[in-house]
Structures are given as structure tokens and as C-alpha cells.
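Undergrad: This is the structure I want to talk about, given as C-alpha cells.
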Amino acid sequence: MISMKPKKTQPPETDFMEGFGQWLESEEGLQSLEAVDCVYDALDGSSVDISEKKIIWPDGQRLTIEQSAERIHREANLCQDTIISHIIGWLQMEYVPEGLDDEQMEMFESHINAWVEECEVSQPQSTRF
């Protein structure tokens, strides 16, 4: 007679944090860390005009996500896909406009997410962790 015992599911060899740690130590991970520092430093003091979908740089230039990535790329010579990914991270998680109440902030975040989706659709998919 054949036993019908259910097979035990083996735990994954690495959990997320262990895999993430390994990725951080890889060449791609190290480049990504360098890029996030570079992008956040470059965008320091910038603001966002959400109605025009532009990042307003401290020098007054009003650039799209892609144009901002090109500007940072010229200065830092990092991979543009990685730069764009970190600009998006800055828009979604780091940049906080001043003087918005909760309802206005929710609307702002909604516009940011729509802008990011448009950008991601127009960009080829890159490998991101």
C-alpha cells in the first residue's frame, strides 16, 4: 500500500532579510546604496510641482523624473535606471511638502503615485530588489 502522507514543505534556504543582506553586499547592491546616497544628496533642498509633474531643483530648474536622472547621471555617472528608482523612492517616501493638512497630503500622495506609475510604464523594467 502506498502511503499518502502529505509532503513536508521545506523552509526556504534563505529568508528575505538574509537574501537582502546578500544582495546589499553584491556589486548591484553596493551600486544601489551609492546611488541612493547620491540621489538623496542631489535632491536635498528640492521641491515638487505636482501639477506639472516636475522636480524643482534648488537652482530653479524644473525637471521631470527622467531629466533629473539625466542630470544626476552626468554628475555621478551612475546607472540611470537605478537613479530613476531612487528618485521615485525620494518622491514616495522622503519628500514631504510643507503646510498640507491630512486630506491635502493624501491627495498629494495620490498624484505622486499616478506620476510614478506613468514613469514606470514609460521606462523599461530594471532589476530592483
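Undergrad: Only one residue in 87, 72, 112 is in contact with a Cys (Cβ under 7 Å, 6 or more places away or on another chain) and among the β-branched types (Val, Ile, Thr). Which one? Please lay out each step first, then the result.
TA: Working: 87 fails: in contact with a Cys (Cβ under 7 Å, 6 or more places away or on another chain); 112 fails: in contact with a Cys (Cβ under 7 Å, 6 or more places away or on another chain).
Just a single option satisfies the conditions, and that option is 72.
Undergrad: Considering every residue within region 14-28, establish whether at least one is in contact with a Phe, Trp or Tyr (Cβ under 7 Å, 6 or more places away or on another chain) and at pLDDT below 95.
TA: Going through region 14-28, the residues in contact with a Phe, Trp or Tyr (Cβ under 7 Å, 6 or more places away or on another chain) turn out to be 20, 23.
Checking the rest, the ones that are also at pLDDT below 95 come to 20, 23.
The answer is yes; a qualifying residue exists.
Undergrad: State which residue pairs qualify: first residue in contact (Cβ under 8 Å) with a residue 40 or more places away in the chain and in a loop (DSSP other than H, G, I, E, B) and inside region 42-64, second residue surrounded by 14 or more Cβ atoms within 10 Å (Cβ to Cβ) and of a type in the set (Phe, Trp, Tyr) in any location, beta carbons under 7 Å apart, and separation of 6 or more residues or different chains.
TA: So the pair list comes out as 46/57; 50/108; 53/115.
Undergrad: Is at least one residue of region 3-13 of a type outside the set (S, T, N, Q), over 22 Å from residue 100 (Cβ atoms), modelled with pLDDT of 80 or more and out of contact with any Asp or Glu (no Cβ under 9 Å at 6 or more places or on another chain)?
TA: Scanning region 3-13 turns up no residue that is of a type outside the set (S, T, N, Q), over 22 Å from residue 100 (Cβ atoms), modelled with pLDDT of 80 or more and out of contact with any Asp or Glu (no Cβ under 9 Å at 6 or more places or on another chain).
Undergrad: Right, something else. So which residues in region 28-41 are closer than 15 Å to residue 95 by Cβ and either touching a residue at least 60 places away in the same chain (Cβ under 8 Å) or touching a helix residue (DSSP H, G or I) at 6+ places or on another chain (Cβ under 7 Å) (or both), if there are any at all?
TA: Of region 28-41, the ones closer than 15 Å to residue 95 by Cβ are 36, 39-41.
The answer is 36, 39, 40.
Undergrad: Restricting region 53-79 to residues that are under 16 Å from the mean Cα position of the chain (by Cα) and polar (S, T, N, Q), which is nearest to residue 35 (Cα to Cα)?
TA: 68
The values are calculated or read from the model by the stated rules, or taken from the named source; none is laboratory data. As the structure is a prediction and not an experimental result, all values here were calculated from the model. Positions of Cβ are backbone-derived with ideal geometry, glycine not excepted, and every protein chain shown enters the neighbour counts.
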